[in-house]
Amino acid sequence: KEGFYPVVRVIDGDTIVVHVDGVDEKIRLIGVNTPETVDPRKTVECFGKEAASFTKKLLENKFVRLEVDSSQDNRDKYKRLLRYVFLEDGTLFNKELIAAGYAYEYTYKIPYIHQAEFKSAQRDAEENKRGLWAPDACVQ
C-alpha cells in the first residue's frame, strides 16, 4: 500500500520497529508515554505489560502510515524516529493508546500538533477510569 509500512515488531507500548524504505527503523510515538517494560535501569512499571500487549494487538504484523511533526525533532537522543502512527483505517494510534488508558499524554520540551487532543483523551480516560486509571489497575 502506498505510504504504508509494515510493523516488524513492538518493543514496548510506545516504541515499535517499522520497515521503512529497506531499513528497520525504531519509531517512538510522539505525545505519549507508556509505563516502562524494557528499560534495564527500571523495574517493570505498573500497567507496562498491558500497554505493550495493547500495542502488539493493534500493530504487530500490520501496516501503518507514519507522520512527521515539524514542531518536534526528527529523531530522539536514542536515534529513534519521532512519529505519529496511523492505522490503515485512519485511526491515530498515538491518541488511541491514551484514550484506551494505556498511556499518559507526554510533552517533550515543545508542544506538538495534537497536544490538546491528546490531553483531552487522557482526561476522558481518567474520568471514565479506563486502563491504568481503573481503581484496581495497579493494586499489588
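The values are calculated or read from the model by the stated rules, or taken from the named source; none is laboratory data. Predicted model, so just to flag it, every value in this text is computed and none were measured. To get the accessible areas, we keep the full protein, side chains included, count just its heavy atoms, and leave off ligands, DNA and RNA. Shrake-Rupley method; radii C 1.70, N 1.55, O 1.52, S 1.80 Å.
Structure values in brief
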{"item": "Surface accessible to a 1.4 Å probe, per residue, for the residues of the chain, Å²", "result": "56 Å²"}
{"item": "Of LYS42/LYS79; LYS56/LYS109; LYS109/LYS129; LYS95/LYS129; LYS42/LYS119, those spanning more than 23 Å from alpha-carbon to alpha-carbon", "result": "LYS56/LYS109; LYS109/LYS129; LYS42/LYS119"}
{"item": "Computed over the chain: relative contact order in percent, which uses C-alpha pairs under 8 Å that are six or more apart", "result": "24 percent"}
{"item": "Sum of -39500 (n - 2.57) over DSSP H runs of 4+, divided by residues of the chain (222 nm, nearest 500)", "result": "-7000 deg cm²/dmol"}
{"item": "Ratio of Rg to Rh over the chain (Cα coordinates, Kirkwood Rh, two decimals)", "result": "0.95"}
{"item": "Of all accessible heavy-atom area on the chain, the percent that carbon and sulfur account for (1.4 Å)", "result": "50 percent"}
{"item": "Over region 4-86, relative contact order from alpha-carbon pairs under 8 Å, at least 6 apart, %", "result": "33 percent"}
{"item": "Choice from LYS57, LYS26, LYS119 showing the highest fluctuation, given a GNM over the chain with Cα pairs closer than 10 Å", "result": "LYS57"}
